[in-house]
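The values are calculated or read from the model by the stated rules, or taken from the named source; none is laboratory data. All values derive from a computational prediction rather than experimental measurement. Positions of Cβ are generated from backbone atoms using ideal geometry, with glycine treated the same way; all protein chains shown enter the neighbour counts.
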Amino acid sequence: MQNEGQTVIIATKNKGKAKEFEALFNEKGYGIKTLLDYPELEDVDETGSSFNENALLKAETISRQLNTLVLADDSGLKVEALYGQPGIYSARYAGEEKNDARNNAKLLNELAETSRDKRQAAFHCSLALAAPGKESLVIEGQLKGLIVDVPRGTNGFGYDPLFYVPEKDKTMAELTQEEKNKISHRAVALKKLDTVLDDWLNNK
């Protein structure tokens with residue numbers, strides 16, 4: 001596939017997130033850029049009704065604008081007792097302005113009457129890869145866990161202090177970055193992406 005200097009645009013302004021994808025694409029001979037390299041681009045409105053739709057919307061819109069390969073992700077927390085909420089609204093659960101502390105407080109409040117054995121949850125990640133003239137690729141990854149009563153740990157962000165991983169006997173915010181990178185929903189999606197990426201890239 002012909003690419004603009006064999007570059008993939010990661011549709012994020014978060015350098016840490018982009019770094020998670022960098023090793024995989026470098027291995028395939030692709031350089032990485034992020035939205036920080038394209039300040040003139042307007043934010044894509046995430047009007048989809050699912051993680052997959054929002055990831056696709058971002059990837060395909062930016063791919064059309066820049067005429068190149070784009071990877072976008074949409075991720076969040078799904079809580080069974082709340083019928084999958086906060087879901088696609090995870091970042092703005094407590095209001096339009098993103099605020100981790102308020103989001104966590106709202107989640108704990110919503111689960112106040114829910115016993116520990118019914119607090120199953122999953123972190124979900126949808127990755128979408130788009131390129132001009134190609135059918136887009138969507139990959140999903142999940143990490144299952146439970147929501148605890150009291151925030152624990154300082155290594156994470158978002159809902160990490162409330163998300164308990166049974167096999168580690170720790171919350172996500174109590175894990176090291178290295179541990180998180182091995183088991184996170186994004187890591188699971190990345191591993192799946194790795195198994196199909198070559199075929200997709202080489203399929204004209």
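If you check K134 against the conditions, is it among the basic types (K, R), modelled with pLDDT of 95 or more and either touching a Leu at 6+ places or on another chain (Cβ under 6 Å) or within 26 Å of A72 (Cα to Cα) (or both)? If you could, list the steps in order and put the result at the bottom.
On the way: among the basic types (K, R): yes; modelled with pLDDT of 95 or more: no; either touching a Leu at 6+ places or on another chain (Cβ under 6 Å) or within 26 Å of A72 (Cα to Cα) (or both): yes.
For K134, the condition - among the basic types (K, R), modelled with pLDDT of 95 or more and either touching a Leu at 6+ places or on another chain (Cβ under 6 Å) or within 26 Å of A72 (Cα to Cα) (or both) - is not met.
For (1) acidic (D, E); (2) on the phi < 0 side of the Ramachandran plot; (3) more than 18 Å from the chain's Cα centre (by Cα), each residue gets a yes or a no:
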residue: T7; (1), (2), (3): no, yes, yes
residue: Y30; (1), (2), (3): no, yes, yes
residue: Y38; (1), (2), (3): no, yes, yes
residue: E46; (1), (2), (3): yes, yes, no
residue: N52; (1), (2), (3): no, yes, no
residue: L77; (1), (2), (3): no, yes, no
residue: A81; (1), (2), (3): no, yes, yes
residue: G95; (1), (2), (3): no, no, yes
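Okay, residues lined up against (1) aliphatic (A, V, I, L, M); (2) within 25 Å of T195 (Cα to Cα):
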position: K98; (1), (2): no, no
position: L107; (1), (2): yes, no
position: A121; (1), (2): yes, no
position: H124; (1), (2): no, yes
position: I139; (1), (2): yes, yes
position: R152; (1), (2): no, no
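Scanning segment 156-204 for residues that are touching a Ser or Thr at 6+ places or on another chain (Cβ under 8 Å), among the charged types (D, E, K, R) and part of a loop (DSSP other than H, G, I, E, B) yields a total of 0. Among the residues of segment 71-100, those identified as in contact with a strand residue (DSSP E or B) (Cβ under 7 Å, 6 or more places away or on another chain) and either of a type in the set (S, T, N, Q) or free of Cβ contacts under 8 Å to residues at least 24 places away in the same chain (or both) are S75, G84, Q85, P86, S90, Y93. A single entry from R119, R152, R186 fulfils the requirement of being without any contact (Cβ under 8 Å) to a residue 24 or more places away in the chain and touching a strand residue (DSSP E or B) at 6+ places or on another chain (Cβ under 7 Å): R152. When segment 46-76 is filtered for residues that are touching a Gly at 6+ places or on another chain (Cβ under 9 Å) and part of a strand (DSSP E or B), the ones remaining, listed by number, are D74, S75, G76.
Of the residues that sit in segment 120-142 and are within 25 Å of D169 (Cα to Cα) and buried (at least 20 other Cβ atoms within 10 Å of the Cβ), which one is farthest from the chain's Cα centre (by Cα)?
In this case the residue turns out to be A121.
Residues that are in contact with a Phe, Trp or Tyr (Cβ under 9 Å, 6 or more places away or on another chain) and not aromatic (F, W, Y) are absent from segment 41-57 altogether.
Modelled with pLDDT of 95 or more and surrounded by fewer than 20 Cβ atoms within 10 Å (Cβ to Cβ): is that true of R102 in this structure? Break it down into steps so the answer makes sense when it comes.
Working: modelled with pLDDT of 95 or more: yes; surrounded by fewer than 20 Cβ atoms within 10 Å (Cβ to Cβ): yes.
Yes; evaluated as a whole, the condition is true for this residue.
A count restricted to segment 15-45 and to residues that are crowded, with 18+ Cβ neighbours inside 10 Å and assigned to a loop (DSSP other than H, G, I, E, B) stands at 1.
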